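The values are calculated or read from the model by the stated rules, or taken from the named source; none is laboratory data. Since we're looking at a predicted model, the values are computed, not measured. Note that we place each Cβ from the backbone using ideal geometry, even for glycine, and neighbour counts take in every protein chain shown.
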Amino acid sequence: MKEDATILIVDDDEDILTASKLLLKRHFLNVLTCNNPETIPELLNEHSFDAILLDMNFGPGESSGKQGYLWLEKIRNIDAQAVVIMITAHGGVHVAVKAMKLGASDFIAKPWQNEKVIATISSAVRLGKSRRETVELKNTNKILAQVSSSHNSQQLLGSSAAMSSVLSLIERSAPTDANVLILGENGTGKELVARELHAQSLRSDNVFMSVDLGAISESLFESELFGHKKGAFTGARENRIGRLQAANGGTLFLDEIGNLPLHLQAKLLTVLEQRTVIPLGANAAIPFDVRVITATNITKADLADDQKFRQDLLFRLNTVEINLPPLRARANDIEALATHYIKFYSQKYGKPNKSLSPAALSAITGYAWPGNVRALRHAIERATILSQQALLEPIDFQLSDYLNNPKPLQNQATNNLSAPLPPENKGDIDLNLARLEKNTVEQALKKHNYNISHAAKDLGLTRAALYRRMEKYDF
């Protein structure tokens, strides 16, 4: 099967162009040739090349390589990510080596061996695609950062003592390359902290790569993080760059680190200690440079248990430790958060700007919010959409437990999923599947204090399936 790649060959020898095109067309989808380097700028404007083969000399008697240097520089000025392979005559290796110092990726000496040519170009194609993926990710991160700074609903807000401490730790640790471990319940904003650390770091112009370890199966862990070569395992139909390489120069955020099994923790530790990664099916180690930020919702007691978490890995990850408080521990921040989200969702859905009635403010500040800021945000989004009044009232937030019994809800945990569901009407059995499912999901979430991984396991669902149901029922 041909590799999906576009190759350009630039040489003034028509025999070389014909022979190389016939060879490469058997292995690559698109092969273009050019016998006049003056047309290179036009070709670069019209096509995106995964690799360019460039002759070192043009015209009879030329052997200095100056023309190759000149056109290499022009190509790199037009496309800084271009992967250029120099074509040199036998004995001109020193000229090609100089070209590599100027930005060429590799060289091919004439007369060449077909197998070596294909291997060299295949490697160059992978490098080119990797470079472009990284650039695209950087650009995406910049756009996301601009959106976040202007009107994104998810921001680190709060002036309570607990949040002031968190913001101070971010400010002090962000400019360093120290690894950071973020602890906190689900919904407290651990990824927001990680993104803020990246935004305030010296790596802010580079990649921010987020990986949810709780969503990656054990069998795919190495492939996802370390990458793999074509044929490394069943289903590996092409080479794939791992997340560690893709985040090179930037920040790698590993969420749900506490869910990683011990044997995979050992592999992660080795990679982080050596700062090199070997893709599955490869032999050579590839160096990488990333800042590692991790997060987990498991307790410090569980982290300290070497039967659950490797202490040598923990030592490496928590150079700086940031503990995010649950929303119930910073009730003074709820009004500011609510006001922010009401304004955001009013603008998003084209609603008149609403405000909280005194009763509603009392209700939401007195509620324990087991889903933390995420749950508060969803409740306000729903209230903003459905309420037809300028003032939001307690009933708009559907805090039924609070309205029926206004006291802290953290003491009202549901401990038994097998308990019978309350009927909607006395004497009748509720057989409505949607309500049964909603009630069961709600009970599972409360039972596990909104730990998504544990609740999903109890329900026999994947994390993604549980998230879909949470969205469906506005949890």
| field | The one condition in (1) surrounded by fewer than 19 Cβ atoms within 10 Å (Cβ to Cβ); (2) farther than 30 Å from residue 177 by Cα that residue 318 fails to fulfil | value | (2)
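Hey, among the residues in segment 431-458 that are outside any helix (DSSP H, G or I) and loosely packed, with under 14 Cβ neighbours inside 10 Å, which one's modelled with the lowest pLDDT? Spell out the reasoning first.
Of all residues in segment 431-458, those outside any helix (DSSP H, G or I) come to 431-432, 448-451.
Now restrict to residues that are loosely packed, with under 14 Cβ neighbours inside 10 Å: 431-432.
Values: 431: 65, 432: 73.
Among them, the one singled out is 431.
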| query | If you check every pair at least six apart or on different chains, which have Cβ atoms under 8 Å apart with a residue in segment 278-289 that is more than 22 Å from residue 235 (Cβ to Cβ) and free of Cβ contacts under 8 Å to residues at least 40 places away in the same chain first and a residue that is of a type in the set (A, V, I, L, M) and assigned to a loop (DSSP other than H, G, I, E, B) second? | reply | 284/278; 285/278
| field | Enumeration of residues in segment 186-202 that are surrounded by 20 or more Cβ atoms within 10 Å (Cβ to Cβ) and either in contact with a helix residue (DSSP H, G or I) (Cβ under 9 Å, 6 or more places away or on another chain) or of a type outside the set (A, V, I, L, M) (or both) | value | 186, 187, 188, 189, 190, 193, 195, 197, 198, 201
| said: Here's a check for you: in segment 250-288, which residue that is touching a strand residue (DSSP E or B) at 6+ places or on another chain (Cβ under 6 Å), of a type in the set (Gly, Ala, Ser) and surrounded by fewer than 18 Cβ atoms within 10 Å (Cβ to Cβ) is farthest from residue 319 (Cα to Cα)? | reply: 281
| Does segment 289-304 include one or more residues that are crowded, with 19+ Cβ neighbours inside 10 Å and under 24 Å from residue 121 (Cα atoms)? | no
